[in-house]
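Okay, so here's the structure we're looking at.
The values are calculated or read from the model by the stated rules, or taken from the named source; none is laboratory data. All of these numbers come straight from a predicted model, not from anything done at the bench. Methodologically, a virtual Cβ is constructed for each residue, glycine included, from the backbone with ideal geometry; neighbour enumeration extends over all protein chains shown. Ligands, DNA and RNA are stripped out before the accessible areas are found, and what is left, the full protein with its side chains, is counted by its heavy atoms. Shrake-Rupley method; radii C 1.70, N 1.55, O 1.52, S 1.80 Å.
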Amino acid sequence: SISILKNIYVLFQQLTGVLDDCLCDIESIDDFNTFKIFPKIQKLQERDYFRYYKVNLKRPCPFWADDGHCSIKDCHVEPCPESKIPVGIKAGSSNKYSKVANNSKELEDCEQANKLGAVNSTLSNQSKEAFIDWARYDDSQDHFCELDDERSPDAQYVDLLLNPERYTGYKGPSAWRVWNSIYEENCFKPRSVYRPLNPLAPSRGESFYTWLEGLCLEKRVFYKLISGLHASINLHLCANYLLEETWGKPRWGPNVKEFTRRFDPVETKGEGPRRLKNLYFLYLIELRALSKVAPYFERSVVDLYTGNGHEDAESKALLLDIFRDTKSFHMHFDEKSMFAGDKKGAKSLKEEFRLHFKNISRIMDCVGCDKCRLWGKLQTQGLGTALKILFSEKEIQSLPENSPSKGFQLTRQEIVALVNAFGR
């Protein structure tokens, strides 16, 4: 209706100017993303290396009794059948690989997907040993996420293109419980300060923002990242909504009314524009991480290996092209302004920051809808990987050119999560 369109116009009028806590304006981000980044990142996500993600959707919720899984059919995630996975992947060893499977021209999608973790047989023995060393190296102190055990029998490969993020009908107390736990217990917030539009508490939005502005930069950043992640997920649910289902044939598309309900300034008592600005802030953080991690991938020893040499070379070339674009952006977030106080206090705050985020990644195992859990876990791991990169600048800069290093490393899961989270 005309009134809805007017409200959306008002909303986007409010989405302008410089973002808080950084020297970047929204218009510059929009132009940069629209004309440089988005077309390329979209192509990258469609490539075999980035379209398959290994995830355990059966991990129990560690914080409360399971509410039961969503029974709506659109909540279901279709994994790759076990019978389609090559023996080299099933063996669980990164340097065991079937050459017969590698050379076959008639591989099905899932067979191609599960070659991704294998080590390229053209690598030197020294490099192979180094990769094995990686598997033994415990870098849990660098992780901002609770990682799935890829060796678990419950961990399965999922084709992200066949299981898109969209509205499944999952809502109500179970979904609210997840987000309330994230905000109320993990965003450095005292219980006496109420988050705006928390359905379980009276609305005291202004006192919340007075409290938020009084926090140190690091804790404000933390809240904005979580709010931005929440906004991203909600936006994709509105953009890919089940509009109707006739004769068993669903029709998906944008739901403008749902969008206004979640983001319109009037409907949300002024909260919607803040949420969307936090999404821009999240974009800046992940964009900065991509620009910082470029040297890791620019080395010849790093391959985006699927077994298809031509496609692998094209995928890496496209990724490096995206890195060149990220470096050209002239208004990056300055992560050096974070944790810059006295060394002891900064170290303690950084560890608190990491543990809070790691706890949020564990809460994702409490999501009752499998498709929502899949995308929640992936985007949380992607953001966690971005944070890991931003706090590992020295290690990245000191990486050797022709061999892997223990100082800094990314698993394939982290790489796939980082690219797809940023793509979201």
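Would you mind stating whether ASN359 is of a type in the set (S, T, N, Q) and either open to solvent by less than 10 Å² (accessible area, probe 1.4 Å) or assigned to a loop (DSSP other than H, G, I, E, B) (or both)? It is false that ASN359 is of a type in the set (S, T, N, Q) and either open to solvent by less than 10 Å² (accessible area, probe 1.4 Å) or assigned to a loop (DSSP other than H, G, I, E, B) (or both). Has the stretch 146-169 got any residue that is under 30 Å from TRP211 (Cα atoms), part of a loop (DSSP other than H, G, I, E, B) and either modelled with pLDDT of 85 or more or among the acidic types (Asp, Glu) (or both)? The answer is yes, given that some residue of the stretch 146-169 is under 30 Å from TRP211 (Cα atoms), part of a loop (DSSP other than H, G, I, E, B) and either modelled with pLDDT of 85 or more or among the acidic types (Asp, Glu) (or both). Among the residues of the stretch 149-187, those that are β-branched (Val, Ile, Thr) and out of contact with any strand residue (DSSP E or B) (no Cβ under 6 Å at 6 or more places or on another chain) comprise THR168, VAL178, ILE182.
Would you please name the residue that is least open to solvent (accessible area, probe 1.4 Å), looking only at residues in the stretch 294-317 that are farther than 15 Å from PRO400 by Cα and aliphatic (A, V, I, L, M)? Once the filter is applied, the top-ranked residue is LEU304.
Might you let me know whether the stretch 325-346 holds any residue that is among the aromatic types (Phe, Trp, Tyr) and part of a helix (DSSP H, G or I)? No, that holds for no residue. Is it true that some residue in the stretch 208-226 is open to solvent by 30 Å² or more (accessible area, probe 1.4 Å), at pLDDT 90 or above and among the small types (Gly, Ala, Ser)? The answer is yes; a qualifying residue exists. I need a count of the residues in the stretch 247-273 that are in contact (Cβ under 8 Å) with a residue 60 or more places away in the chain and part of a helix (DSSP H, G or I). Total meeting the criteria: 9.
Being of a type in the set (S, T, N, Q), farther than 22 Å from LEU418 by Cβ and open to solvent by less than 10 Å² (accessible area, probe 1.4 Å) is true of THR268. Return yes when LEU243 is free of Cβ contacts under 8 Å to residues at least 60 places away in the same chain, hydrophobic (A, V, I, L, M, F, W, C) and either at positive phi or not in a helix (DSSP H, G or I) (or both) and no when it is not. Criteria met by LEU243. Residue pairs whose Cβ atoms lie under 6 Å apart, sitting 6 or more positions apart in sequence or on different chains, and linking a residue in the stretch 310-324 that is within 18 Å of PHE422 (Cβ to Cβ) to a partner that is not in a helix (DSSP H, G or I), are SER315/ARG47; SER315/LEU304; LYS316/LEU304. The conditions of being open to solvent by 20 Å² or more (accessible area, probe 1.4 Å) and more than 19 Å from the chain's Cα centre (by Cα) are not met by ALA346.
Of the residues contained in the stretch 73-84, one or more are found to be more than 18 Å from GLU414 (Cα to Cα), basic (Lys, Arg) and either at pLDDT below 85 or open to solvent by less than 40 Å² (accessible area, probe 1.4 Å) (or both).
Scanning the stretch 365-411 for residues that are touching a helix residue (DSSP H, G or I) at 6+ places or on another chain (Cβ under 8 Å), among the basic types (Lys, Arg) and open to solvent by 10 Å² or more (accessible area, probe 1.4 Å) yields a count of 3.
Across the stretch 176-207, the number of residues qualifying as in a helix (DSSP H, G or I), closer than 26 Å to TRP64 by Cβ and open to solvent by less than 20 Å² (accessible area, probe 1.4 Å) comes to 6. Candidates are the residues of the stretch 1-52 that are farther than 20 Å from LEU276 by Cβ, open to solvent by 80 Å² or more (accessible area, probe 1.4 Å) and among the charged types (D, E, K, R); the one that is modelled with the lowest pLDDT is GLU46. Evaluate the following for LEU284: is it part of a helix (DSSP H, G or I), on the phi < 0 side of the Ramachandran plot and open to solvent by 20 Å² or more (accessible area, probe 1.4 Å)? For LEU284, the condition - part of a helix (DSSP H, G or I), on the phi < 0 side of the Ramachandran plot and open to solvent by 20 Å² or more (accessible area, probe 1.4 Å) - is not met.
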